[in-house]
Each structure stands twice: as structure tokens, then as C-alpha cells.
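Novice: Shown below is the structure under consideration.
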Amino acid sequence: MSTQKSQQDLWKQQVGEAAAQLIDEGMVVGLGTGTTANYLVLALGERVRQGLHIIGAVSSSQATMDLAASLNIPLTDLDHHPVLDIYIDGADEIDPQLQLIKGAGGALVREKIVASSAKHFVVIADPSKLVKQLGHIFPLPVEVTPLAKTPVKLHLEALGANVTLRVRNGETFITDNKNNILDCTFPQGITDPVTLDAKIQSIVGVVETGLFLNMAEKVLIGGPEGVKVLHR
């Protein structure tokens, strides 16, 4: 298991470094959240150290912001730069149409906001994230306002989901936006992501879902044969 883990980390590092090469002089960049995105941030930090000048980076989570700041990557926000040149982030699941499930790290709302503000959205991942159908490996996270978590849970169960309130370290998980996350598993997977997303979005109290649909322009997959590029 440890060998497989280190190999997976190597692939994540490989694809993170490849994605950092997509960042050009003078860009405004969006930085994702998670273990794969961390390798991107580390690689970008090294490029900045070697002289790359970017206008600034918008982080999709406090954790990413802290890491970027520690590497002297210049930071900005969407108030100062509402349009980004590129957003690069990982994903939990990627189907053949490049539809995504994201949010295992809990930053789905900010990730979707930053992704939708970018001219180009590039996903980086290792081969384990490629699936034939969404919803079989990772649960679909739904961020909700705390007041609505129980009514929303009932609505989600009516849609066929098994729903669990996310808990971390024995305590209810709180997002950077001070909300809760309901993790939804679907016994048959997600057969129609577009319809499901629309139904969930219509529930009062739902802030956002972890379905990232028709957003990713391309996916970089790091693996034993190097980096492969998938296009939508």
C-alpha cells in the first residue's frame, strides 16, 4: 500500500509540475485545493522563485492561500481581478465527458466560483480519478446552510441518495463559508448529472453541489506513461 501511495504521489507531482508550465508571464491564476493542487502550487512557487512574474493568484481555500503565501506567490482576489486567465485544480471523479465530482476537501463552493471566473479551467489528476460514471467511488458533496441541513437531507433522500452529514475529527465539518456539507451516495451511481444537479440546486438551503458540469476544458492525467491530455 505504501508503494502504491508513493507512486500515486509521484504521478500527482508529475501532473502538478506539468500544469505549472501552463502559467505564463503576466497571468492572473486561480489555484485549486487538495493534494494534487498542492503540487501545482509548489511547482508554481519554484517558477516564481526562478523569476516568473504573475499578476496574482486567487486561491480557492484558506489552506491553498496559506501555502501560496509561504512560497511568496503574489496573492489577489476576485474583487481586484474578477476574470482569471486560467484555473487549475484537481477532481475526485472525472467521467468520459469530463464532468466532475469535486469537494472531498470541502472547498467546492469557492472552487466553483473561481473556476467559473476563469477563461480556461484545467483539471489535474492521477488515473484513479477516471471513472465510467460519476458517483460510484466518491460521494457527491452538497454544501448547505446549517439551518437547512435536516430539511435538505430529507429532500436529497427523496432523490434516492443515502445522505451523511460530514464529520471530521469527531466534529461536524464547517466549510470556509461557515456551512455544512451533506455527502450523498447513489446506489446506482449518477445516471443523469445535469438533471440531478438542477433538482438539487432548486432545494432551498442548498448553497452549491460538487457537480462541475461542462466546465473543464481539458484534463491532465499523470501516470506511468507520463502526462496525458484529455479534451472535452
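The values are calculated or read from the model by the stated rules, or taken from the named source; none is laboratory data. Quantities reported herein were computed from a predicted structural model and do not represent experimental measurements. Cβ sites come from the backbone with ideal geometry, for glycine too, and all protein chains shown count toward neighbours.
Novice: Quick check on my filter: what residues within segment 42-74 are exposed (fewer than 15 other Cβ atoms within 10 Å of the Cβ) and either within 23 Å of Ser116 (Cβ to Cβ) or of a type in the set (Val, Ile, Thr) (or both)?
Specialist: The answer is Gln62, Pro74.
Novice: In the list Ala37, Ala104, Ala68, which residue meets the criterion of being touching a residue at least 12 places away in the same chain (Cβ under 8 Å), outside any loop (DSSP other than H, G, I, E, B) and under 24 Å from Cys184 (Cβ atoms)?
Specialist: Ala37
Novice: Select from segment 4-27 the residues that are in contact with a Phe, Trp or Tyr (Cβ under 8 Å, 6 or more places away or on another chain) and of a type in the set (A, V, I, L, M, F, W, C) and list them in ascending order.
Specialist: Matches in segment 4-27: Val15 only.
Novice: Still on this structure, please answer the following. What are the residues in segment 139-178 that are polar (S, T, N, Q) and surrounded by fewer than 21 Cβ atoms within 10 Å (Cβ to Cβ), if any?
Specialist: Thr145, Thr150, Asn162, Thr164, Asn169, Thr172, Asn177, listed by residue number.
Novice: For segment 210-232, does any single residue satisfy the condition of being among the polar types (S, T, N, Q) and surrounded by 13 or more Cβ atoms within 10 Å (Cβ to Cβ)?
Specialist: No; the residues of segment 210-232 include none that is among the polar types (S, T, N, Q) and surrounded by 13 or more Cβ atoms within 10 Å (Cβ to Cβ).
Novice: Residues that are assigned to a helix (DSSP H, G or I), in contact (Cβ under 8 Å) with a residue 60 or more places away in the chain and within 16 Å of Val122 (Cβ to Cβ): does segment 42-60 have at least one?
Specialist: no
Novice: With respect to His155, determine if the residue is in a loop (DSSP other than H, G, I, E, B) and more than 12 Å from the chain's Cα centre (by Cα).
Specialist: Against the criterion (in a loop (DSSP other than H, G, I, E, B) and more than 12 Å from the chain's Cα centre (by Cα)), His155 does not qualify.
Novice: Scanning segment 185-226 for residues that are without any contact (Cβ under 8 Å) to a residue 40 or more places away in the chain and among the small types (Gly, Ala, Ser), which turns out farthest from Val123 (Cα to Cα)?
Specialist: Ranking the qualifying residues of segment 185-226, first place goes to Ser202.
Novice: Going by the structure shown, is His81 touching a strand residue (DSSP E or B) at 6+ places or on another chain (Cβ under 7 Å), modelled with pLDDT of 95 or more and not assigned by TED's automatic domain parsing to the domain that holds Cys184?
Specialist: Criteria met by His81.
Novice: Among (1) touching a Gly at 6+ places or on another chain (Cβ under 8 Å); (2) surrounded by fewer than 21 Cβ atoms within 10 Å (Cβ to Cβ); (3) of a type in the set (D, E, K, R); (4) under 19 Å from Leu22 (Cβ atoms), where does Asp89 come up short?
Specialist: Checking Asp89 against (1) touching a Gly at 6+ places or on another chain (Cβ under 8 Å); (2) surrounded by fewer than 21 Cβ atoms within 10 Å (Cβ to Cβ); (3) of a type in the set (D, E, K, R); (4) under 19 Å from Leu22 (Cβ atoms), the one that fails is (2).
Novice: Next up: Here are some conditions: (1) under 20 Å from Ala37 (Cβ atoms); (2) without any contact (Cβ under 8 Å) to a residue 12 or more places away in the chain; (3) of a type in the set (S, T, N, Q). Thr172 meets all but one. Which one does it not meet?
Specialist: Result: Thr172 passes all but (1).
Novice: Would you call Lys12 of a type in the set (Lys, Arg), at pLDDT 95 or above and either at positive phi or under 21 Å from the mean Cα position of the chain (by Cα) (or both)?
Specialist: When the stated conditions are applied, Lys12 passes them.
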